[in-house]
Each structure stands twice: as C-alpha cells, then as structure tokens.
Amino acid sequence: MIVWDFIYHFVLDYSFTWQVDLLFSALILFMGYYTGKNYDDSNEAVKALSKSEEQVKNLNEELQLVLQNISEVVFHTDSKGEFQFLNHSWEEFTGYKLKESLHKNALHFISLHERHEFLRVLRRSISQRIEKAKMDFSFQMRNGQFRWGEVNIKLNYDENGKLAGTVGTISDITERVHNEEELLEMNETLAIESQKLSVAGQLAAGIAHEVRNPLTSINGFLQLLRDDADEKTKEYLEIVFSEIKRIELVLSELLILAKPQSVTYKRINIVETLDHVAKLLNTNAILYNIEIQTSFEQEELYIRGDENQLKQVFINLVKNAIEAMPHGGNILIKAELTDFNKVELIFKDEGVGMEKHILDKLGEPFFTTKTKGTGLGFTICLRILRDHSADINVQSEQGEGTTFSIKFDAAQQQERKKREPLYSL
Ligand SMILES: Nc1ncnc2c1ncn2[C@@H]1O[C@H](COP(=O)(O)OP(=O)(O)OP(=O)(O)O)[C@@H](O)[C@H]1O
Ligand SMILES: [Mg+2]
C-alpha cells in the first residue's frame, strides 16, 4: 500500500482522492489475504499427502510381514498359471527357492498322476466362471519326499470373462492325510477282525448245539448204566457225570456269548456269575499253567446289572490276567460286601504288571502292547462298568502283578417276600 501511495502521489503526481485510495487498499488487502490462504492450504495438502504416503508405506510393510510369516503358502499367478508372487513359506513347503519357482507354471510342481485331475477341476471352474475352487493334491518336494497340500484358489476374470489370473493359499495337510489313511487302515483291520469274530461266534454256537444233543443222550445212557453198575464203576461214572456237567456249562456259556442279547438289568447273584466265568476260563488257564482261585465271602451277593455284559467284563479281565502270566501262576477272584453297602470284586494276578506309561493309557481305545491284541478289551469293560455306575480301580507293580477292584452298589440282599393276599377266596 505504501509503494502504491508513493507511485500515485509522488511519481504520477495525482491528487489525493480517498475513494480511490480506499478501493485500492481493499483490493490489495483482499489479494494479500487470498494469496496467504492459498499458500496455507497448499502447505496443509502437502503435509497430509506425506502423512498418507507414510501410512501406505507402513500398511505395505505390515502386509509383507503377515504374508511372509504365515505358515500357509500365498501365491499369485497370471492367466497362464505362472507364479508372479510367492511368500517365503513356499521354500519351506516345497524345498524349492523362490527365485527358481517364480515365473514357472504352477502345474509343474504337482505330482504327475494328480496333474490331470487338478487341470480337470480347474478347467471346469473356468468354463463355468466359478470364482473359488478348493482342491487337495500331492506333490514331490525337491528332496523327493511326497507331501499333501490343500489349495484354495480365487479365480479372477477380466471384463470379457477371460481368466486374468489367480490368487490363493496352500496349506500343508500331509499329517492329516496320513492320520486319515491310518484310521482307514485300522477300521478295515477292525472290520475284518470283528467279521472273523462273529463268524467264529456263529460257528461256536452251531458246534455247541451239535455237541449238546449227543451229550444229552450220552448222559441218559450213562445214568441207565449206573443203576446196574458195581461200586467201582459207579465211582468212575460220578467223575464222568461231573465232567459232562462242566462241558454243559461251557457250552451254555458259549451259546450265551455268541448270541447277541438285549441288555436287561436284573437283580443278579454276582458270586454265581463269577463262578461260571472262573469255570469257563479254567480250562484255558490250565493250558498256561495258571490256576484260577475263587474266594467268596458269601455264597450269595446281589447287585443290579446285565449278567451277559458283566460276564464280558470279567472274561476280559481274566483273559488279560492270563495273557500277563506267560510263565504261569495264580489268579484270585474275590467278592465281598464292604462298607457303604457296596459289593467289591477283586481280580488279582501275578503277571508282568504295568509301567506307569501303560497305566496312563489303559482304557484308551486301540491301546495295546500285544501283537495280536485289538486294545478294545478294557475299553469295553470301562463302558459296561460305567453303564452299571460301578467304580474300577487298578494297582499294578511291574514284575509283581496287577489288581483290579470293582465296586457295585449292592442290591437288596434278601429277596422281598411277596405280600400275602389279605383275603383268600
Ligand atoms: N492284568 C494285566 N496285566 C498287565 N498288563 C495288562 C493287564 N490288563 C491290561 N494290560 C495292558 O493293557 C493293555 C490294554 O488291554 P486291553 O484288554 O484293552 O487290550 P488287549 O488285551 O491288548 O487286546 P484285546 O483285549 O483286544 O485282546 C494290554 O495290551 C496290556 O498291555
Ligand atoms: Mg484284553
């Protein structure tokens, strides 16, 4: 304004007019304000721009950090399927360096016998303009080892509907596939085993029937003979009769076990059940130089349960005990009424015993230390006992033996007498 006044009054020698002076002053003030404001605005804009540039840089760094550190392989291919981007997991996953893999076709890394199927799924997805596809494939690592991967692909198309490229991830599923294969194999073996068992069971039932009939006639004829026999022969015949009784018992047990039975909870005398099991397995035990001893506090101890299922438990426990004593010995089966109205059963063997790591695993399905075991025996025992609300405890000393104790709630020990009718007609 001063420069303007100087030129106007002293150089151009114009006279002082306050309107013109005011107008020019306002004009200059406005121009000053406008230029200043513009300068400030552009300064702000430059600041904001550099800040957002920094943010973009940080974001990019974070993205790279995530991409390079996740365990999955992340890839990007062009329309021909050539790798344009791969993260570091690729090197760990395949053993190939990033440098030698980039710009190579992805199919190159898939096993030959899988390539055809992979291409088929991919082509079908592309022809139907499907955007997402998921496939499992096996591939060979650089060191020749085979592994399994699960690939999730996002297919990108251009505006003409042509494939523009893909992005996706690959996860290592080798362990999962191996576990599945193992499980499948195990199931197959189990199916074969159970098939064998049921055939054996059916055969046993058939044989038991066949043997029972002639046995009944033998028994009958021998009884006729006994009437006319002398004392010595009678004595021998008594032994024959007791042996026939044992054969009959074994046969009826076999028939019960082979036949699938419905579960019925009844009041049962567990002493009788244990006695039957001991007699049934004694023949088998003798072969291994083992004696099954029984010690029952009373002749009758009642609990509520399904007799056939409980027999299965006891047979499994005694079978395990026999198998634990390759050099023979004694197995003790005890039954007694204990405090809190419980019936306690004891199965004690003098076998090899169990180390802590075996004890920890006892009851896990399929856990076995035997070459021919299924590892289901004890699991079944636990399930049946749980259904009977029974407690089972085990004590085992390596080289000394094992003791299983099972506690059932005792049932009414005396059967209730039926009420006498009040009036008899
Ligand atoms: N009385 C015992 N003494 C020593 N080890 C035992 C005894 N009972 C069970 N075991 C151990 O526990 C494992 C699992 O027993 P389980 O009865 O479940 O299966 P298994 O006997 O191996 O096979 P299966 O019963 O199908 O023939 C056995 O392999 C054995 O190592
Ligand atoms: Mg067993």
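Using helices alone, I'd like the mean residue ellipticity at 222 nm for the chain: each DSSP H run of four-plus residues gives -39500 (n - 2.57), total over residue count, nearest 500. Before the final figure, lay out each step's value.
Details: 11 runs with 217 residues, N = 425.
It comes out at -17500 deg cm²/dmol, rounded to the nearest 500.
In whole Hz, with x marking every Gly and Pro, tabulate ³J(HN,Hα) for segment 96-106 from phi via Karplus 6.51 cos²θ - 1.76 cosθ + 1.60, θ = phi - 60°.
8, 6, 4, 4, 7, 9, 4, 6, 9, 6, 4
For the cross-link pairs Lys99/Lys134; Lys279/Lys319; Lys319/Lys356; Lys370/Lys407; Lys319/Lys370, which exceed 23 Å when the distance is taken from alpha carbon to alpha carbon? Don't jump to the answer; show the numbers that get you there.
On the way: Lys99/Lys134 26 Å; Lys279/Lys319 13 Å; Lys319/Lys356 21 Å; Lys370/Lys407 28 Å; Lys319/Lys370 13 Å.
With Cα atoms farther than 23 Å apart: Lys99/Lys134; Lys370/Lys407.
Fewest to most neighbouring Cβ within 10 Å: what's the order for Val250, Val313, Val211? Mind showing how you got there, number by number?
Numbers: Val250 18, Val313 27, Val211 15.
Sorted ascending by nearby Cβ count, the order is Val211, Val250, Val313.
Show the residues, 5+ positions off or on another chain, whose built amide H is closer than 5 Å to the amide H of Ile290.
For Ile290, whose amide H was placed from the backbone, the distant partners under 5 Å are Gly329.
Please build a GNM for the chain, connecting alpha carbons under 10 Å apart, and tell me which residue among Asp41, Asp230, Asp360 fluctuates the most.
Comparing Asp41, Asp230, Asp360 in a Gaussian network model of the chain, the most mobile one is Asp41.
Tell me, how many Å apart are the Cα centres for segment 202-222 and for segment 354-385?
Result: 36 Å between the Cα centres.
With a 10 Å Cβ neighbour count serving as the proxy for reagent exposure, in which order, fewest first, do His9, His357 appear? Don't skip to the end; give the middle numbers.
Numbers: His9 13, His357 7.
Ascending Cβ contact count within 10 Å gives the list His357, His9.
State the extension gain, in nm to one decimal, for the chain segment bounded by Glu159 and Asn289, taking 0.36 nm per residue of separation less the distance between their alpha-carbons.
On the way: separation 130, 0.36 × 130 = 46.80 nm, distance 8.51 nm.
Result for the pair: 38.3 nm of gain on full extension.
To make sure I understand the rule: partners must be lysines, Cα under 28 Å from the Cα of Lys37, and not fewer than 8 residues away in the same chain. Which ones qualify?
Of all the lysines, those that pass the test against Lys37 - Cα under 28 Å, at least 8 places apart if same chain - are Lys47, Lys51.
Students often forget the sequence filter, so: which aspartates and glutamates lie under 14 Å Cα-Cα from Lys154 once same-chain residues fewer than 8 apart are removed?
Asp78, Glu131
Could you check the simple spin-label distance between Asn69 and His327, using points 7 Å along Cα→Cβ, in nm with one decimal?
6.0 nm
So which residue, out of Leu376, Leu251, Leu49, gets the largest mean-square fluctuation from a GNM of the chain using Cα contacts under 10 Å as springs?
Among Leu376, Leu251, Leu49, the largest mean-square fluctuation in the Gaussian network model of the chain belongs to Leu49.
If amide hydrogens are placed 1.01 Å from N in the peptide plane, which non-local residues have theirs closer than 5 Å to the one on Asn87?
Val74
Percent relative contact order of segment 73-172, based on C-alpha pairs within less than 8 angstrom and at least six residues apart?
Values: 185 pairs, mean separation 28.8, N = 100.
Relative contact order comes out at 29 percent.
For segment 110-193, just the Cα atoms, rotate onto the principal axes and tell me the three extents in Å, largest first.
Taking the Cα atoms of segment 110-193, the three principal extents are 59, 32, 20 Å.
Do you know the relative contact order of segment 313-425, to the nearest whole percent, from alpha carbon pairs under 8 angstrom that are 6+ apart? Before the final figure, lay out the partial values.
Values: 165 pairs, mean separation 32.0, N = 113.
Reported relative contact order: 28 percent.
Between Leu98 and Thr189, what is the FRET efficiency for a Förster distance of 41 Å, r being their Cβ-Cβ separation, to the nearest 0.05? Mind showing how you got there, number by number?
On the way: r = 44 Å, r/R0 = 1.07.
Once the sixth-power term is evaluated, E becomes 0.40.
Which whole-number percent gives the relative contact order of the chain, counting Cα pairs below 8 Å spaced six or more residues apart?
Details: 538 pairs, mean separation 35.3, N = 425.
Computed over the chain, the figure is 8 percent.
With springs only between Cα atoms under 10 Å apart, run a GNM on the chain and tell me which of Leu63, Leu317, Leu215 wobbles the most.
Comparing Leu63, Leu317, Leu215 in the GNM, the peak value goes to Leu63.
Distance in nm between label sites at Ser42 and Thr174, each 7 Å beyond Cα in the beta-carbon direction?
6.2 nm
Full-extension gain between Val199 and Arg246, please, as 0.36 nm times their residue separation minus the C-alpha to C-alpha distance. Could you put the intermediate results ahead of the total?
Working: separation 47, 0.36 × 47 = 16.92 nm, distance 2.46 nm.
Between Val199 and Arg246, full extension yields an extra 14.5 nm.
For the pair Leu359 and Leu27, how long in nm is the line joining their label points, each one 7 Å along Cα→Cβ?
10.8 nm
Write down, largest first, the equivalent ellipsoid semi-axes of the chain in whole Å, where each equals the square root of 5 times an eigenvalue of the alpha-carbon gyration tensor.
Working: eigenvalues 1728, 208, 93 Å².
Its equivalent ellipsoid spans semi-axes of 93, 32, 22 Å.
Output ³J(HN,Hα) for segment 70-77: one whole-Hz value per residue in order, computed from phi by the Karplus curve 6.51 cos²θ - 1.76 cosθ + 1.60 with θ = phi - 60°, and x for Gly and Pro.
Going residue by residue, I get 6, 6, 6, 7, 10, 9, 9, 10 Hz, with x marking Gly and Pro.
For a footprinting-style exposure proxy, rank Thr169, Thr371, Thr77, Thr338 by other Cβ within 10 Å, fewest first. All intermediate terms of the calculation are to be shown ahead of the outcome.
On the way: Thr169 18, Thr371 5, Thr77 22, Thr338 12.
If I rank by nearby Cβ atoms, fewest first, I get Thr371, Thr338, Thr169, Thr77.
Cα axis of helix 174-228 to longest principal axis of the chain: angle in degrees, 0 to 90, nearest 10?
With rounding to tens, the tilt is 10 degrees.
Every read-out reported here was derived from the displayed coordinates using simple, explicitly stated rules and does not represent laboratory data. Keep in mind that this is a model prediction, so the values were computed, not measured. Backbone-built Cβ (ideal geometry, glycine too); neighbour counts: all protein chains shown.
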